[in-house]
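Enquirer: Mind looking over this structure? Questions follow.
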Amino acid sequence: EGVAYALRSVLEVYREHRHEFASVTLLGGGLRSWFWAQIICDVFGVPCRLHRSPHNATGRGAAMVAAVAAGLIPSLEAWPADEVVGDTLLPGEENRAVYEHGYSAYAQLYPQLKPVFDDVRSWS
């Protein structure tokens, strides 16, 4: 859940700059677990589309950017969505209050703990 809160903090930066999300696409090796993906979805509070090939997402993203740069497609949005997105998870309303409370605690604690994290990082 802490990782999901950290990921949500990134979404919150976008929201602070008036960029809202109707949904997000999840990718990466952690998505091998439906349970993990559902936790992220519940913490984000928006529908989460699961990438069809989460393990190849980095390479696919690089190929998409290269295709735009080479003029093969006009924009990233022009990439066929059905090639990228599989199932969609919806946030579970039964978990929203718990995760909102948890995220609120995370958002308050992180700035207070950051100096400790910086100190620990300096040990190596």
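Enquirer: Compute the Kirkwood hydrodynamic radius of region 34-116, taking the inverse of the mean of 1/r over all pairs of distinct Cα atoms, and give it in Å to one decimal.
Expert: Computed over region 34-116, the radius equals 15.4 Å.
Enquirer: May I pose another question? Quote the charge dipole size of the chain about the Cα centre in Debye, to the nearest 20; the model charges only the Cβ of Lys and Arg (+1) and of Asp and Glu (-1).
Expert: Charge dipole of the chain: 300 debye, to the nearest 20.
Enquirer: Grab the DSSP H runs of the chain that are 4 residues or longer, score each as -39,500 (n - 2.57), total them, divide by all residues and round the 222 nm result to the nearest 500 deg cm²/dmol.
Expert: Helices in the chain give a 222 nm mean residue ellipticity of -19000 deg cm²/dmol.
Enquirer: Also, quick follow-up: Which residues' amide hydrogens lie under 5 Å from the amide hydrogen of residue 73, considering only partners 5 or more residues apart or on another chain, with H built in the peptide plane?
Expert: Counting only residues 5 or more places away or on other chains, the set is 68.
Enquirer: Can you list residues whose amide H is under 5 Å from residue 85's amide H, if they're 5+ apart or on another chain and H is modeled 1.01 Å from N?
Expert: 52
Enquirer: May I ask which residue of 6, 57, 113 lies farthest towards the positive end of the charge dipole of the chain, with charges of +1 (Lys, Arg) and -1 (Asp, Glu) on Cβ and the Cα centre as origin?
Expert: 57
Enquirer: Separate question: Hand me the chymotrypsin sites (Phe, Trp or Tyr not before Pro) from region 64-124 located in a DSSP loop with no more than 11 other Cβ atoms within 10 Å, in residue order please. Spell out each step's value before the answer.
Expert: On the way: sites: 99, 103, 106, 117, 123; in loops: 123.
For chymotrypsin sites (Phe, Trp or Tyr not before Pro) across region 64-124 that sit outside H, G, I, E and B with at most 11 neighbouring Cβ atoms in 10 Å, the list reads 123.
Enquirer: In addition: Could you work out how far helix 2-16 tilts from the main Cα principal axis of the chain, as a 0 to 90 degree angle to the nearest 10?
Expert: The angle comes out near 70 degrees.
Enquirer: Quick one: angle between helix 57-69 and the longest Cα principal axis of the chain, in degrees between 0 and 90, rounded to 10, please.
Expert: Here the helix axis deviates by roughly 50 degrees.
Each value in this text was obtained by applying a stated rule to the coordinates, not by laboratory testing. Note that the structure is a prediction, hence the values are computed from the model and not measured. Ideal geometry is used to build each Cβ from the backbone, glycine not excepted, and the neighbour counts take in all protein chains shown.
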